[in-house]
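Here's the structure we're looking at; comments come further down.
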Amino acid sequence: MICVSLPSLVATKHKSMSQQTLTVLLFLQFTFFISSPVTSLYSPSPPAAPFSQTTPDPGFSPRAEWLFAHATHYDATDTLGGACGYGDLPNGMATAAISQALFDRGQICGACFELRCREEDTDFDRRWCIFGASVAVTAANFCAPNYGSDAESLGGHCNPPKQHFVIPIEVFEKIAIWKTGTGNMPVQYRRIKCKREGGMRFTITGSGIFISVLISNVGGMGDIVGVKVKGSKTGWLSMGRNWGQNWHVNALLQNQPLSFEVKGSDGIAVTSYNVAPKNWTFGQSFEGKQFEH
């Protein structure tokens, strides 16, 4: 007679049940793997649309709703080309320095705004607004914050989160009557399309393989979100924003005609082929196509 202790019998029975359970689980997992498509585990992202095929948002309207801000003025002798890189802009172009809340690290450079005086019961009240008047200005510089002053004081008018425009005195006086003590004007503003004469301007600077291009006189939305350059010996090369509307790429592009593809903030792209001739040199400017107004 063979004697088996109760604990041994229970252990044997438990081991057998564990093996059966493991077998069933493995079977179910194998069956699920065979019946499930592989793509359910690895779903590749759809390929991005080519740069030139980007289409504008059909619901986008450059004439957006009026928003609230303030504006002060600067003298005509002050320079205003710094933070966007434009330098001397054409005579008659109304430019504005804008606060950090609007500047967006230079992304907004070149954008156009419509301003009008806002009537309210403050030190600058309705007695000083010119009824029905508005002006168009181009974002061309940065109004730096002054953290040594409170945002509610005149010295801190460009401090976050305030939306502020610094405009030429002659533009200021087209929408309001200026007098001492009323320089901080309440305004309403909205984005509008830019109307430009001629084509976009491409100014090429740099040295060796470092190519920098300042893009100015941009119509349409005015601000740029993407630039590509192509030589006759290269494909399309994406350029990075250096600062303002200066874009750069590291590539040997000398002795090649250059083409540019420029994408506006509304998603529309314009391609200008062979803008710079084969014998271009650093420091030269060239004219390309233009966005529709």
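Residues in the range 243-253 carry Karplus couplings, in order, of 6, x, 10, 9, 10, 9, 8, 9, 6, 8, 10 Hz; the curve used is 6.51 cos²θ - 1.76 cosθ + 1.60 with θ = phi - 60°, and Gly or Pro positions show x.
Across the range 201-287, the relative contact order, built from alpha-carbon pairs under 8 Å that are at least six residues apart, equals 33 percent. Comparing 218, 268, 189 along the charge dipole axis of the range 136-293, the residue lying farthest to the positive side is 268, per the Cβ-charge model. Other residues within the sphere of radius under 14 Å centred on the Cβ of residue 105, judged by their own Cβ, net out at -1 (K and R +1, D and E -1).
The spacing between the range 147-194 and the range 201-270, judged by their C-alpha centroids, is 33 Å.
In this structure, the residue pairs whose Cα-Cα separation is over 27 Å, taken from 174/263; 174/289; 233/263; 193/278; 228/278; 162/263, are 174/263; 174/289; 193/278; 162/263. Amide H contacts of residue 236: none lie under 5 Å away among residues 5 or more positions distant or on a separate chain (H built 1.01 Å from N in the peptide plane; Pro and chain starts excluded).
Once the chain from residue 67 to residue 205 is taken as fully extended at 0.36 nm per residue, the excess over their C-alpha distance is 45.9 nm. Amide hydrogen proximity for residue 247: with H placed 1.01 Å from N in the peptide plane, the residues at 5 or more positions away or on another chain lying under 5 Å are 213, 214, 215, 242. Under a 5 Å amide H cut-off, with hydrogens placed 1.01 Å from N, residue 146 pairs with 158, 159 among residues at least 5 apart or on other chains.
Every number in this text was worked out from the coordinates using simple rules, so none of it is lab data. Only a predicted model underlies this, so the values are computations on that prediction, with no experimental measurement involved. A quick note on method: Cβ atoms are made from the backbone with ideal geometry, for glycine too, and the neighbour counts reach across all protein chains shown.
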